[in-house]
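These notes concern the structure reproduced below.
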Amino acid sequence: MIAPFSLPPAPVHDLTSQQSSNNLKFNTRKQEKGLIVLGIETSCDETGIALYGSERGLLADALYSQVEIHAEYGGVIPELASRDHIRKTLPLIQQVIDEAGIKDADIGGVAYTAGPGLVGALLVGASVGRALAMGWGVPAIGVHHMEGHLLAPMLEADPPEFPFVALLVSGGHTQLVRVDAIGEYEVLGESLDDAAGEAFDKVGKMLGLPYPGGPHVAKLALEGEAGRFKFPRPMINRPGLEFSFSGLKTFVRNTIAEHADADGKLEAQTRADIAHAFQESVVSTLSIKCSRALEHTGLQRLIIAGGVSANTRLREVLEAAVAKVDGRLFYAKPKYCTDNGAMIAYAGCQRLLAGQTSDLAIEARPRWSLESLPPIHHSESSEQS
Ligand SMILES: Nc1ncnc2c1ncn2[C@@H]1O[C@H](COP(=O)(O)OP(=O)(O)OP(=O)(O)O)[C@@H](O)[C@H]1O
Ligand SMILES: [Mg+2]
């Protein structure tokens, strides 16, 4: 449901070698307590706001989910999403500032999600973030939404060290990425069609579950009988690290049609058995590809991020897979797996500390490659902090 046009990208400046740029006022303050960054996430149907301090960690975060607004349509309506972000963004910013017990003047930078996502929704966070930064006289940075997801496990007490393999599994993306450092990303494989979260949501809809289907399918799967249905594991017999979930979705649809009564209804146990078989198929496909990615890269650390990484069965199966290579699995708390402001504040903070900032143009990119992001230079970051 991404809008079919793209705004011209606004450049990201590397200010490690220059202290000002054209029309940009760059005055990251040398703050005694580190750099405090306001993070704003409005790429889809959640308004996520957070304050992250380079020395103090997460100071406060707030999330408003629009799920009830979109539930009656069974999917996100972009125009409604934008309108609701407009209502919620500023009040939530005030809320986190109050909760953190800081003043506006303590905020040294603003990070907003600049893409990928719904362009109207992105523009709300980008406009508010860029304008606040200008008003406060601090730098702003447009953050890549998937970089935010990818770095969310860094918010945990025991974060992974680089390098690692990341499995990004969200509503719009399924990607395996080799991560050597922040901004040093190599996409090893991705979905050729539906994302894993999208497949969960569509199957949820077919089973008559509320939107978004992922957590509901996972819950129903707990009541399912193992082995009654065996669904295909897409693309596992082909070499490589690509994914495809649309065939599996069709298989589920056909299975439902075969077992439904004349009114199209399924028996409760059959519904649960289908949910179970579907989840097993997605989870084991993801797991096989993750093991393959670890083998291919020779790495032992695997991180999972994005909404589907909250799935308990996925975590369980991947724990077993990494144990086989003496590796370790890392993930964020469930509330930082789905969209949130904390991951954007964290990612933005790292880039601002490295001297990167976006210029005064408001940046919104519906499509944006993770691999096009600039690396950050840790050695220079100390000069800025
Ligand atoms: N426990 C779960 N099991 C399976 N799927 C889940 C679970 N919890 C959430 N999801 C799925 O995660 C997705 C939402 O995740 P997220 O917020 O990261 O995606 P998004 O922001 O919509 O997409 P993207 O990040 O690619 O733009 C939904 O598809 C939802 O169904
Ligand atoms: Mg997301």
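Rounded to the nearest whole Hz, the Karplus-based 3J(HN,Hα) values (6.51 cos²θ - 1.76 cosθ + 1.60, θ = phi - 60°) of region 144-154 follow the sequence 6, 4, 6, 5, x, 4, 4, 8, 4, x, 5, with x at glycine and proline. For the listed peptides 335-347, 183-195, 279-291, 62-74, a ranking on the average number of other beta carbons within 10 Å per residue, highest first, reads 335-347, 279-291, 183-195, 62-74.
Relative to the Cα centre, the charge distribution of the chain, modelled as +1 at Lys and Arg Cβ and -1 at Asp and Glu Cβ, gives a dipole magnitude of about 140 debye. The alpha carbon gyration tensor of region 61-166 gives principal lengths a ≥ b ≥ c with a/c of 1.5 or higher and a/b no greater than b/c, which makes the shape oblate. Looking at region 150-270, the accessible area is 47 square angstrom per residue; that uses a 1.4 Å probe and ignores ligands, DNA and RNA. Taking 7 Å steps out from each Cα toward its Cβ at residue 230 and residue 263 produces label points 3.4 nm apart. Give me the distance in nm between label points sitting 7 Å out from Cα along the Cα-to-Cβ direction at residue 193 and residue 87, one decimal. With each label point 7 Å from Cα toward Cβ, the separation is 3.7 nm.
Put simply, when 220-227, 326-333 are sorted by average Cβ atoms within 10 angstrom per residue, most first, you get 326-333, 220-227. Translational diffusion coefficient, Stokes-Einstein: compute it for the chain using the Kirkwood radius over C-alpha pairs as Rh, at 37 °C and 0.692 mPa s, and state it as an integer in µm² s⁻¹. Result for D is 153 µm²/s. Among 81, 354, 262, which one moves the most in a GNM of the chain with springs linking Cα atoms closer than 10 Å? Comparing 81, 354, 262 in a Gaussian network model of the chain, the most mobile one is 262. Residues whose amide H comes within less than 5 Å of that of residue 58, counting only those at least five positions distant or on another chain, are 53 (H built at 1.01 Å from N in the peptide plane).
More than 13 angstrom separation, counting every C-alpha pair in region 142-208; what % is that? Here the long-distance tail beyond 13 Å is 67 percent of all Cα pairs in region 142-208. Could you please state how large a percent of the accessible area of region 130-170 is carbon and sulfur, counting protein chains only and using a 1.4 Å probe? With neighbouring chains kept in place, the figure for region 130-170 is 58 percent.
In terms of its C-alpha gyration tensor, region 116-179 has an oblate overall shape, because the principal axis ratio a/c (a ≥ b ≥ c, square roots of the eigenvalues) is not below 1.5 and a/b does not outweigh b/c.
Take every Cα pair under 8 Å whose residues are at least 6 apart in sequence, average their separation, divide by the length of region 285-385, and the relative contact order is 23 percent. About its Cα centre, the dipole of region 233-336 is roughly 480 debye, where the only charges are +1 on Lys and Arg Cβ and -1 on Asp and Glu Cβ. Binning the C-alpha pair distances of region 88-230 at 10 Å intervals from 0 yields a P(r) profile of 10, 26, 32, 24, 7, 2, 0 %, listed from the shortest bin outward. Extension gain for residue 333 to residue 222 (0.36 nm times residue separation, less C-alpha to C-alpha distance): 37.9 nm. Near residue 158, once Lys and Arg are set to +1 and Asp and Glu to -1 for all other residues with Cβ below 13 Å from its Cβ, the sum equals +1.
The values are calculated or read from the model by the stated rules, or taken from the named source; none is laboratory data. If you're wondering where the values come from, they're calculated on a predicted model, not measured in any experiment. FYI the Cβ positions are ideal-geometry reconstructions off the backbone, even for glycines, and counts take in every protein chain you see. These area figures cover heavy atoms from the full protein model, side chains too; ligands, DNA and RNA do not enter into them. Shrake-Rupley method; radii C 1.70, N 1.55, O 1.52, S 1.80 Å.
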